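Take a look at the structure below.
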Amino acid sequence: MSDPISCPLCHETHAPAAELGPIAVCAKCGASLVVDETGIRRATFADTTALGKADLGTLQHARAQIARPERR
């Protein structure tokens, strides 16, 4: 994984739970974030439309592991 990021939603700093291009998943709250040269922001539908089915599944799996850690 990459360097830690500071989530603008939960205000925690952790290495991302998953990364797909500019999209990262916060390891603390599970938010999908866009990390680019302008900073870090919450990902929108428009940000994820370019992702393929497998990449979307990876993001969903990463968020599910955070929301339901007992299912690991």
(request) Could you pull out the GluC sites (Glu not before Pro) across the range 1-55 that fall in loop regions by DSSP (anything but H, G, I, E, B) with no more than 16 other Cβ atoms inside 10 Å? (result) GLU12, GLU37
(request) Mind sorting out which of (i) 22, 62, 16, 0; (ii) 22, 56, 22, 1; (iii) 17, 35, 30, 16, 2 is the real P(r) over Cα pairs in 10 Å bins from 0, in percent computed from the coordinates? (result) (ii)
(request) Quickly estimate the mean residue ellipticity at 222 nm for the chain, helices only: each DSSP H run with n ≥ 4 gives -39500 (n - 2.57), and the total goes over all residues, rounded to 500. (result) -7500 deg cm²/dmol
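Note down the net charge around PRO22, summing +1 for each Lys or Arg and -1 for each Asp or Glu among other residues with Cβ under 10 Å from its Cβ.
-4
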(message) Less than 20 Å from a label point 7 Å out along the Cα-to-Cβ axis of ARG42: which backbone N atoms in the range 2-23 qualify, by residue?
(response) 5-14, 16-20, 22-23
(request) Please give, to one decimal in nm, the separation of the simple spin-label points placed at ASP55 and LYS28, each 7 Å out from Cα toward the Cβ. (result) 2.7 nm
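Only the coordinates and a few stated rules stand behind these numbers; no lab work does. If you're wondering where the values come from, they're calculated on a predicted model, not measured in any experiment. When we count neighbours, we look across all protein chains shown, and the Cβ atoms used for this are built from the backbone with ideal geometry, even at glycine.
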